[in-house]
1. Quick check on my filter: what residues within region 233-259 are farther than 24 Å from L197 by Cβ and among the aliphatic types (A, V, I, L, M)?
2. Within region 88-122, track down each residue that is open to solvent by 50 Å² or more (accessible area, probe 1.4 Å), modelled with pLDDT of 95 or more and farther than 26 Å from L193 by Cβ.
3. Output the residues belonging to region 245-258 that are out of contact with any helix residue (DSSP H, G or I) (no Cβ under 8 Å at 6 or more places or on another chain) and either under 15 Å from Q219 (Cβ atoms) or of a type in the set (K, R) (or both).
4. Looking at this structure, is L125 crowded, with 18+ Cβ neighbours inside 10 Å, of a type in the set (A, V, I, L, M, F, W, C), modelled with pLDDT of 95 or more and farther than 30 Å from T326 by Cα?
5. Mind listing whichever residues of region 305-322 are assigned to a helix (DSSP H, G or I) and open to solvent by less than 10 Å² (accessible area, probe 1.4 Å)?
6. Can you pull out every residue in region 217-247 that is of a type in the set (G, A, S), under 16 Å from S271 (Cβ atoms) and outside any strand (DSSP E or B)?
7. V19 passes all but one of (1) at pLDDT below 95; (2) under 23 Å from the mean Cα position of the chain (by Cα); (3) under 21 Å from R148 (Cβ atoms); which number fails?
8. Working only within region 170-201, note down all residues that are open to solvent by 60 Å² or more (accessible area, probe 1.4 Å) and either closer than 17 Å to H99 by Cα or in contact with a Cys (Cβ under 8 Å, 6 or more places away or on another chain) (or both).
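The values are calculated or read from the model by the stated rules, or taken from the named source; none is laboratory data. Note that the structure is a prediction, hence the values are computed from the model and not measured. With ideal geometry, Cβ positions are generated from the backbone for all residues, glycine too; neighbour counts draw on all protein chains shown. All accessible areas refer to the heavy atoms of the entire protein, side chains included, with ligands and DNA or RNA removed. Shrake-Rupley method; radii C 1.70, N 1.55, O 1.52, S 1.80 Å.
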Amino acid sequence: MALLKAARVSDVPTLDVLVPDLAAAARIGAGAKQQRAAGRLAVIGHRGKGMNALSSPDRRLQEVKENSVRSFNEAARFAIDYVEFDVQVTKDACPIIFHDNFIFTEEQGKVSDSRVTDLRLEEFLQYGPQNKEGKNGKPLLRKMKDGRVLNWNVQSDDPLCTLQEAFEKVNPRLGFNVELKFDDNLVYQEEELSHILEAILKVVFEYAKDRPIIFSSFQPDAAQLMRKMQSTYPVYFLTNGGTEIYTDVRRNSLEEAVKLCLASGMQGIVSEARAIFRFPAAISKIKEADLSLLTYGTLNNVPEAVYMQHLMGVNGVIVDLVPEITKAISDLIATPQTDIEIEDLSSKVMKDATSTPNFTHREISFLLRLMPELVQ
């Protein structure tokens, strides 16, 4: 077995109980070829080449502005299949790419904020560096989870962008995982959701051409509605898988995620990676439901955790450390010869395994027992 090369990441969580059901996970790994797991592991760049963690001591997480054309094209230099990014719609119905619900700036020493969806496109694009040479934009700041507001400083900056610009300017070989972004603290009526999704679909249908597209959302109603409004592109339900609890029970477990997907005809689930390790038996239920399974989270910046997910039957991982993880996957996972350059998640639910190693029960159990120490 190849030596595992760990990538350093400062924000990897310490899990109290990482894998409570070793036997179930071992059965999943050992029987992966019989469980319709992925033929290869798809790699998806998180917000491009990786999200910006401004307070992290890891400088790789402040390398290039997240959710920018530059970040998407930087990610395209590596062996990834898709880039993931967050789409919101401005007050004047323009889909833009930005993660946070609020955007911050500072004028004359005073910090102010605006809800992104309350801004018109022209107002939104005034923040940060500008496309027009010699023009200065408003200082761009970001609020941390601990309440601090920091200057959004990165080594390689880039202007904010629209969804249309991404289609026009990003390497056409890359697929797009379009996350439909909504505020957890707001209640959305169907009419409002329809208006937002229609604006996004208008751009997608006009500019996507042959580019593979996946839609995903944490908002159950938005995900269901997107599936109802179109059948051209697959829709995946995003879930924390029970690692966080919400008032909407549909968001609180992988079991609920499967129910939602089956009820609405969605094609896949995107789960927090920790949930997969905590509840590995859920993978077989997801596969039995004919759903594709992707994961996200800081564990996906650890090659050992990514490799284990491959053994367990996960179809793809969303990662921040794109160069390190693509290199580790190349070293650890033998990719079968194929005439297709990338696995197109958007054309079908990935099915029978062709390269997943058939490890013994003993080997899988050993690796799973080793995982908590490797992650910490």
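1. Scanning region 233-259 gives I245, L254.
2. E106, K110, V111
3. Result: Y246, T247, N252.
4. It is true that L125 is crowded, with 18+ Cβ neighbours inside 10 Å, of a type in the set (A, V, I, L, M, F, W, C), modelled with pLDDT of 95 or more and farther than 30 Å from T326 by Cα.
5. A305, V306, M308, Q309, H310, L311, M312, V322
6. Once the filter is applied, which keeps residues that are of a type in the set (G, A, S), under 16 Å from S271 (Cβ atoms) and outside any strand (DSSP E or B), region 217-247 yields A223, G241, G242.
7. (3)
8. D184, N185, L186
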